[in-house]
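One structure is given below, encoded as structure tokens.
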Amino acid sequence: MLELKPPTAAEREAIAALYVRAFPANERRPLEPLMESHGGHAAMLAAREDGAFCGFASLLLWEDIAHIIYFAVEEGKRGKGLGGRILEEIQALYPGCRVIVDIEEPEEGAPNNPQRIQRRDFYLRNGYNPSDIHYHWEGTAYTILSRGGGVDGEDFWQFWEGLRKLAPGVGNY
């Protein structure tokens, strides 16, 4: 059985270790601020399958947008449908929300271009749709995908402006 819950102390350590393994250094921000709820505007969720830690999702929340900031599945659990099931659980936890995610845009010649394409295809297979939102961060081009409704540039920037006001500790992610 799959469940998403706030992490235990041991799971916080497992999340931190997976975070370092799963994300390149230029994409990692301090993880500790994301472990706090910031008045309900942030959620760190440990994924457990049959009681065992198998991944995590970190979200920022504002109005009807749930933004997946970081999402990773343990290496040995990948490719078995678990990631898609976790995305389904996230959607169920935030009914009526548009769930959005940033992905690196595929780029010919990028050393991780095969992984970029694989990530994009994973989200598309799981019901996410491309938006017209594109931006650069830390020298990398990103695009926003959404599920549960579309999102445009105005929505996206209002999301960040709202978070900066309501949850300054996480509003700069």
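Assorted remarks:
- Output for segment 1-31, where each listed residue is at pLDDT below 90 and part of a helix (DSSP H, G or I): 25, 26, 27
- Selection within segment 119-131 - charged (D, E, K, R) and open to solvent by less than 40 Å² (accessible area, probe 1.4 Å): none
- When restricted to residues that are open to solvent by 80 Å² or more (accessible area, probe 1.4 Å) and either over 17 Å from residue 22 (Cα atoms) or acidic (Asp, Glu) (or both), segment 94-118 contains 3.
- Some residue of segment 157-166 being open to solvent by 50 Å² or more (accessible area, probe 1.4 Å) and among the aromatic types (Phe, Trp, Tyr): yes
- In segment 21-62, of all residues being surrounded by 14 or more Cβ atoms within 10 Å (Cβ to Cβ) and of a type in the set (Asp, Glu), the one that is farthest from residue 6 (Cα to Cα) corresponds to 27.
- Residue in segment 115-128 that is free of Cβ contacts under 8 Å to residues at least 12 places away in the same chain and touching an Asp or Glu at 6+ places or on another chain (Cβ under 9 Å) present: yes
- Across segment 21-53, the number of residues qualifying as farther than 24 Å from residue 166 by Cα and over 15 Å from the mean Cα position of the chain (by Cα) comes to 9.
Residue-wise test of (1) farther than 25 Å from residue 136 by Cβ; (2) touching a residue at least 24 places away in the same chain (Cβ under 8 Å).
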residue	(1), (2)
20	no, no
26	no, yes
29	no, yes
49	yes, yes
58	no, yes
70	no, yes
79	yes, no
97	yes, yes
103	no, yes
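The values are calculated or read from the model by the stated rules, or taken from the named source; none is laboratory data. Keep in mind it's a predicted model, so treat the numbers as computed, not measured. Neighbour counts run over all protein chains shown; Cβ positions are idealised from the backbone, glycine included. Accessible surface areas use protein heavy atoms only, side chains included; no ligands, DNA or RNA. Shrake-Rupley method; radii C 1.70, N 1.55, O 1.52, S 1.80 Å.
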